[in-house]
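Structure first, commentary second.
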Amino acid sequence: MPDLVLCLLPDAYELRLDGEVVSRLEGGAAVLLPAAGDRLREAGIEMAIERSEDWLMPFARRLHSLELRLHDPCGRARALSGVDGGLTVEQVEAEFSRMHEAVARGQASDPERVADVVLLRELAHHGALSRIVSQP
């Protein structure tokens, strides 16, 4: 099976397939969800969804049914419940829903985490991934 890895880097997202960089989004989370004052807003999530889709759609078909491994040297993915045991597309969607509700209530304060969840949701959905696991 092909090896698909998403690297959550401090300044970029990098998607690798069989060791080759398929795409790199310079600026990472800050590009998906730019700082918008002191509070995250639902409009920011919609913008992050659009930007994620724009980034991944050119190669989404190549990802179908693959398992995505997260390489996370910054440790941001640890906040995702269940990632160590592997997340299904449905679990990623549930995590996105919880995060979206927190933003709507004004309780989400970590834009990097929100951007990561949005990107994982869009990858899982449009890439039709089998599951997402954390890479040691």
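Each residue in region 111-136 was checked for being open to solvent by 20 Å² or more (accessible area, probe 1.4 Å) and closer than 15 Å to Arg61 by Cα, and 4 of them qualify.
Of the candidates Ser65, Ser23, the single residue that is in contact with a Phe, Trp or Tyr (Cβ under 8 Å, 6 or more places away or on another chain), of a type in the set (S, T, N, Q) and touching a residue at least 24 places away in the same chain (Cβ under 8 Å) is Ser23.
Only residues that are surrounded by 13 or more Cβ atoms within 10 Å (Cβ to Cβ) and touching a residue at least 12 places away in the same chain (Cβ under 8 Å) were counted in region 85-109, giving 13. Scanning region 42-60 for residues that are at pLDDT below 90 and either in a strand (DSSP E or B) or surrounded by fewer than 15 Cβ atoms within 10 Å (Cβ to Cβ) (or both) yields Glu42, Ala43.
The residues of region 64-73 that are open to solvent by less than 30 Å² (accessible area, probe 1.4 Å) and within 14 Å of the chain's Cα centre (by Cα), listed by number, are Leu68, Leu70, Asp72. Taking region 11-41 as the range and being surrounded by fewer than 17 Cβ atoms within 10 Å (Cβ to Cβ), modelled with pLDDT of 90 or more and part of a loop (DSSP other than H, G, I, E, B) as the test, the residues that pass are Asp11, Asp18, Gly19, Gly27.
The values are calculated or read from the model by the stated rules, or taken from the named source; none is laboratory data. These numbers were taken from a predicted model, which means no experiment stands behind them. FYI the Cβ positions are ideal-geometry reconstructions off the backbone, even for glycines, and counts take in every protein chain you see. Each accessible area value is taken on the protein alone, full model and side chains, heavy atoms only, with ligands, DNA and RNA left out. Shrake-Rupley method; radii C 1.70, N 1.55, O 1.52, S 1.80 Å.
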